[in-house]
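What follows is a set of notes on a single structure, which appears directly below.
A short reminder: the numbers here are calculations on the coordinates, not readings from a lab. All values reported here derive from a predicted model rather than from experimental measurement. Every residue, glycine among them, receives a Cβ derived from its backbone with ideal geometry; neighbour counts consider all protein chains shown.
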Amino acid sequence: MENIGTIQLQTKRLILRLLTVQDAPQMFNHWANNPKVTKYLSWKPYQTVKDIENNLHEYQQNYIDPNYFFWGIEEKSTLQLIGTISASIADKTSKTAEIGYCIGQNWWNKGYTSEALEEVIAYLFEKNGFERVEGFYDTKNPASGKVMQKAGMSYEGTFYQRLVNNRGIVDGACYAILKRDYVSKKAEQQIVQFLKQTAISYDLLRHKTVYTVKEIDFELPATKVKNLFLKGKNSFYLVVLPENKRAPLKEIAHEVGEKHLSFASDQRLSQFLHSTQGAVSPLGLLFDTKQQVQLIIDSQIDPRENIGFHPNQNDKTLIFSFPDFLAFLTQINHPPRYIAT
């Protein structure tokens, strides 16, 4: 796993930067000596600025390590240091990072911590080698869980007597996010932005999360279709079929000149379409900039009807007229091939 360690990052309101020994007074006064801040943490409130200086000397030495991630959180508008956020390698084999954070009481309930965490998650996934980011918090401190939730992480469970902090041995709740889910969520935002930039019309339908077309028990003002991401010997195919049609892999293979087709892996799905199982969509072809995926549309799909696709998230569907859908494909240089199966 290749990492590049701590570098300066920025958000709309914050600067995440390397700490220096000169930061000791701010750290002491803004949070490190406050027992209310450290109540759910594993370290005791500091008694002197000198103690913090000693630790900061160690932190500065650690910054040369590409696997060391520790930032001071600075408020842009005031240039005040208001907290810290960190990540450590929890497991090298699974490429998992565990995050931690701390922010001064005067800056609670302003959304600063989740804003910083969202940026750190993006950095760990996009610039370093992590595939999973997780965090644990004392269940008596639900505000910490809300921070993780706002940053896009999902609750995975509670581990009883899992954590040790200043309250003793406590129950710990876990939130996590996988890189593939992060990529898919970011892809949704990019798809919507692209449609806006190209002035392609669509209607947005929000609905419960569905993983297959059979789970759609609500009115969909469009032809229901299913999307299959398939792999041949050296090529990839995205096949759009009518809702009730079986997946005729042998016939499709014959049409595209392949001896055999199989379902592509989750890794390939994320790599080429920035999507996950249950949210496969031709809209993900936006990210196939090298045109490595061939779009196949079953000729039984009526081009006079509207058609709907997930924007790489399966709790939403974008409804297009068929001409607008084709306009999208033209914009991304992915002309479809029509086949009869």
Order by neighbour count: Asp324, Asp23, Asp91, fewest other Cβ atoms within 10 Å first, most last. Asp91, Asp324, Asp23
Take the alpha carbon atoms of region 267-341, find their center, do the same for region 60-124, and report the distance between the two centers in whole angstrom. 37
Taking R0 as 45 Å and r as the Cβ-Cβ distance between Asp171 and Arg337, the FRET efficiency 1/(1 + (r/R0)^6), rounded to the nearest 0.05, comes to 0.25
Quick one: what are the phi-derived ³J(HN,Hα) couplings along region 265-277, Karplus 6.51/-1.76/1.60 with θ = phi - 60°, whole Hz, x for glycine and proline? 6, 4, 4, 5, 4, 5, 5, 8, 10, 6, 10, 10, 4
Given H placed on each backbone N at 1.01 Å, which residues far from His310 in sequence or on other chains put an amide H within less than 5 Å of it? Leu318
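Ranked by Cβ crowding within 10 angstrom, fewest neighbours first, how are Phe194, Phe328 ordered? Please report the intermediate quantities before stating the final value.
Values: Phe194 15, Phe328 23.
With the fewest neighbours first, Phe194, Phe328 line up as Phe194, Phe328.
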Unit Cα scatterers, Debye sum, region 222-341: log10 I(q)/I(0) for q = 0.16 Å⁻¹: -0.71
Amide H partners (placed H, <5 Å) of Gln294, local residues excluded: Phe236, Tyr237, Leu238
Between Ala279, Ala122, Ala143, which gets the highest mean-square fluctuation from a Gaussian network model of the chain, Cα cutoff 10 Å? Ala143
Amide H within-cut-off set for Phe69, under 5 Å, with H built and near neighbours excluded: Ala87
Please give me, ordered by residue number, the trypsin sites (Lys or Arg not before Pro) of region 42-116 that lie in loop per DSSP and have at most 14 other Cβ atoms within 10 Å. Lys76, Lys92, Lys110
Dipole in debye (nearest 20) - the chain, about Cα centre, beta carbon charges: Lys, Arg +1; Asp, Glu -1: 180
Positive-end residue of Phe194, Leu283, Asn106, charge dipole of the chain with Cβ unit charges: Leu283
Anyone know which of Phe263, Phe130, Phe69 comes out most mobile in the 10 Å Cα GNM of the chain? Phe263
Pop out the ³J(HN,Hα) list for region 236-242 in order, Karplus 6.51 cos²θ - 1.76 cosθ + 1.60 with θ = phi - 60°, rounded to Hz; leave Gly and Pro as x. 10, 9, 10, 10, 10, 10, x
Cβ density ranking, 10 Å radius, fewest first, applied to Glu156, Glu2 yields Glu2, Glu156
Taking θ as phi - 60°, what are the ³J(HN,Hα) couplings along region 119-132 by the Karplus curve (6.51, -1.76, 1.60), each to the nearest whole Hz, with x for Gly and Pro? 5, 5, 4, 4, 5, 5, 7, 7, 10, 10, x, 7, 10, 8
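State whether region 9-179 is rounded, prolate or oblate according to the following rule on the C-alpha gyration tensor (a ≥ b ≥ c being the square roots of its eigenvalues): a/c under 1.5 gives rounded; otherwise a/b larger than b/c gives prolate, and the remaining case gives oblate.
Values: a/c = 1.42, a/b = 1.18, b/c = 1.20.
Rounded.
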Answer label for mean projected area of the Cα convex hull in nm² (calculated), chosen among (i) 18.2; (ii) 20.0; (iii) 16.0: (ii)
Round to the nearest 0.05 the FRET efficiency obtained for Arg162 and Met1 when R0 = 30 Å and r is the Cβ-Cβ distance. 0.75
Listed residue (Thr212, Phe272, Val225) projecting farthest to the positive dipole end of region 194-309, Cβ model: Phe272
The chain: most fluctuating residue of Lys44, Lys233, Lys316 per GNM, C-alpha cutoff 10 Å: Lys233
